[in-house]
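The values are calculated or read from the model by the stated rules, or taken from the named source; none is laboratory data. Small disclaimer: the values here were computed from a predicted structure and weren't measured. Positions of Cβ are backbone-derived with ideal geometry, glycine not excepted, and every protein chain shown enters the neighbour counts.
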């Protein structure tokens with residue numbers, strides 16, 4: 001079973017600050033890496049699906065990069081807003097067709 | 001926008017009772033997942049269906065948990081008897097097919113508290 005880790009576990013930032021967090025996954029036999037945003041009382045929302053080494057994706061103020069050789073992905077939020085407060089989950093799958101394994105998430109709180 | 005529907009949103013049940021959760025995936029999605037999420041941890045896959053067939057239930061505690069997707073559309077997850085350690089959120093999700101590059105769409109989850 002894949003081991004997916006995320007850091008930090010939680011963080012608090014001030015409104016307007018930029019921030020980033022990390023997802024680490026096994027680099028061997030990598031297939032896909034997903035990022036989700038999960039706001040309280042809502043369903044997890046897909047942000048990005050990334051498959052290629054060096055891939056970089058952007059959605060508004062949120063962007064993500066992928067390094068499949070060393071097994072990590074960064075999620076960046078530029079100019080954090082209170083509505084960005086959520087738990088950010090990553091999930092990795094290998095090319096044996098194993099289902100996604102989720103990391104434990106990074107809980108972000110953006111203070112006004 | 002199409003959504004994954006789940007019910008009930010909240011359920012409180014006594015230990016040793018039976019409890020069931022229902023999920024209706026996005027129309028046309030062949031793959032359906034049930035996840036369990038305990039506070040502080042990431043979602044853990046319980047069972048995955050491809051149409052009406054189970055393709056992965058390796059993490060499903062089969063002595064007390066069962067899942068079915070009889071017509072390959074909606075699905076039911078049952079726990080009998082419920083134990084205190086089953087208190088968690090149960091998330092249903094669906095995707096177009098089993099390709100792990102496809103986006104997975106989640107429902108809002110069902111909170112279970114066993115007392």
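With respect to residue A:29, determine if the residue is at positive phi, more than 11 Å from chain B (Cβ to nearest Cβ) and in contact with a strand residue (DSSP E or B) (Cβ under 8 Å, 6 or more places away or on another chain). Steps first, please.
Working: at positive phi: yes; more than 11 Å from chain B (Cβ to nearest Cβ): yes; in contact with a strand residue (DSSP E or B) (Cβ under 8 Å, 6 or more places away or on another chain): yes.
Answer is yes for this residue.
Test each condition in (1) assigned to a loop (DSSP other than H, G, I, E, B); (2) modelled with pLDDT under 95 for residue A:31 and report the one that comes out false.
(1)
Name the single residue, out of those in region B:1-41 being under 12 Å from residue B:76 (Cβ atoms), away from chain A (no Cβ under 12 Å) and free of Cβ contacts under 8 Å to residues at least 60 places away in the same chain, that is surrounded by the most Cβ atoms within 10 Å (Cβ to Cβ).
B:24
When you go through B:67, B:82 one by one, which is the residue that is assigned to a loop (DSSP other than H, G, I, E, B) and either modelled with pLDDT of 95 or more or crowded, with 20+ Cβ neighbours inside 10 Å (or both)? Show your work before the answer.
Values: B:67 fails: assigned to a loop (DSSP other than H, G, I, E, B).
After ruling out the rest, the residue left standing is B:82.
Sort out for me the strands (runs of 3 or more DSSP E) sitting completely within region A:47-112 that have 1 or more residues that are at pLDDT 95 or above and away from every other protein chain (no Cβ under 14 Å). Can you show your working first?
Values: elements: A:56-59, A:62-67, A:72-77, A:86-94, A:106-111.
Qualifying strands (runs of 3 or more DSSP E): A:56-59, A:62-67, A:72-77, A:106-111.
At pLDDT 95 or above and in contact with a helix residue (DSSP H, G or I) (Cβ under 8 Å, 6 or more places away or on another chain), is that true of residue B:26? If you could, list the steps in order and put the result at the bottom.
Numbers: at pLDDT 95 or above: yes; in contact with a helix residue (DSSP H, G or I) (Cβ under 8 Å, 6 or more places away or on another chain): no.
In short, no.
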